[in-house]
Amino acid sequence: MTIPAEHTIIDRILAGEPSVYAELVNKHKSYAFTIANKILQNRAEAEEAAQDAFIKAYHHLSTFNREAKFSTWLYRIVFNTAISYKRKSRHTFQSIENTVLEYSPDGEGTLERTDKRKYLALAMARLNEADRTALTLFYLDELSLEEIAEITGMQANTAKVRIHRARLRLADELKLILKQEALTL
Amino acid sequence: MKKIPQALEEMLFDYLDGTLNAADKQRLETELSHNPELKARLDELQNVELWLSKISLEEIPSRNFTQQVMGKLDQYPARSSTLISRNGIFLLIGILVAVGLATILVSSGVFDGVQTTINLNQELPQKYIPKNLPQFVPKSLPAIALSGKLIVNIVILLNLGLAWLVLDRAVLRPLFQRRMHAGH
């Protein structure tokens, strides 16, 4: 969906056609959910926060500045909503600090994709919330540094430094988890 | 193993992302050819990047996500605002109880006997008076008498102002917003 197409949908919603909002939700729900889940580390809460963010965005559509990207505006709402859920949440999340992982290289020295995903999730979970979110936004591969800065409320330079340092920490965490050999896949 | 300076380590990402300018790129490549630790770190980071490029970080929400959002579009403010409202109401009740108690205590004369005086004419220690200021004559300042009753009354007034603010944010605004949305 192009930016003008999104603007047309927004115009239609504001003109009294709320059902077309489903198209915007469908387009952005995965990223919105991913951002919320990286902050909250809890699927049920992330789903609720992402839904809340979409509802907030819908009710504030008239304030959306057409010069900005809808996705950036929406993800900022998702980010703030998830942060606010995090502050209120009384959940005690399962600690992964003491999780023991044993590295056992298979015959061909490669890890299955599902294992990679699991180890990556584990490494990500060991980072702090700000690093995790910045990295997710960065690797979702749709957003520029300026957009990431706008979503997270940081200066572009601060965002760049944070992402660089988070990438270093992620590499170190993965190294710890997989041991040096696994990184030479 | 020698520790790699953080700035240099961070520069590796610019190198990997292809965003390093020509001069810095040249400088880094020279450094890489002389520094095996830095080269090893670059290889390590490159492997992680390669690893990440094969995995999508995107997570999929539940199947009925869109339906749930569309079904809740009229429910506004959302859950978080409701929680804020509820907390605000508790805060308001707390403030009003505190104000009520303070008023009862003031009217029963508990604070009538509490008096204090703030003396502004404290003498400065000699070491703080400049030596080249021989004609330093301290001016006489008035002493301020404060009664406990006055202080508590001021606190009550401030609390009433705060209670009004909380009432506005936690009760009146959400109420009018709900009415406004119900009217659409």
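Every number in this text was worked out from the coordinates using simple rules, so none of it is lab data. Since we're looking at a predicted model, the values are computed, not measured. Cβ atoms come from the backbone with ideal geometry, glycine included; neighbour counts cover every protein chain shown.
Taking amide hydrogens as placed 1.01 Å from N in the peptide plane, the amide H of B:Leu146 sits under 5 Å from those of B:Thr116, B:Thr117, B:Ile118, each at least 5 positions away in sequence or on another chain. Using θ = phi - 60° in the Karplus curve 6.51 cos²θ - 1.76 cosθ + 1.60, the 3J(HN,Hα) couplings for the stretch A:160-177 round to 4, 5, 4, 5, 4, 5, 5, 5, 5, 5, 4, 4, 5, 5, 4, 4, 4, 6 Hz; x is entered for Gly and Pro.
Shielding value for A:29-38 is 4, the average number of Cβ atoms from other chains within 10 Å of each residue's Cβ. Computed across the stretch B:6-64, the Kirkwood hydrodynamic radius from all distinct Cα-Cα pairs reaches 13.1 Å. Taking every residue in B:59-68 and counting other chain Cβ atoms within 10 Å of its Cβ, the average works out to 6. Here the 3J(HN,Hα) profile of the stretch B:31-39, calculated from phi with Karplus coefficients 6.51, -1.76 and 1.60 at θ = phi - 60°, is 4, 5, 6, 9, 10, x, 5, 5, 5 Hz, Gly and Pro shown as x. Ranking A:Thr152, A:Tyr139, A:Met124 by how far each Cα lies toward the positive end of the dipole of the stretch A:124-164 (charges on Cβ) leaves A:Met124 at the top. Counting, for every residue in A:162-172, the Cβ atoms of other protein chains within 10 Å of its Cβ and taking the mean gives 5.
With 0.36 nm allotted per residue and the present C-alpha distance subtracted, the B:Lys54-B:Ser107 stretch has 11.7 nm of extension available.
Relative to the Cα centre, the charge distribution of the stretch B:6-53, modelled as +1 at Lys and Arg Cβ and -1 at Asp and Glu Cβ, gives a dipole magnitude of about 120 debye.
Karplus-based coupling profile of the stretch A:78-88, in residue order and whole Hz: 4, 4, 5, 5, 5, 4, 5, 5, 4, 5, 8, with θ = phi - 60° in 6.51 cos²θ - 1.76 cosθ + 1.60 and x standing for Gly or Pro. Which part of the stretch A:1-33 falls in the paramagnetic zone of B:Asp74, meaning amide N under 15 Å from the point 7 Å along Cα-to-beta-carbon? A:17-19, by backbone N distance to the label point.
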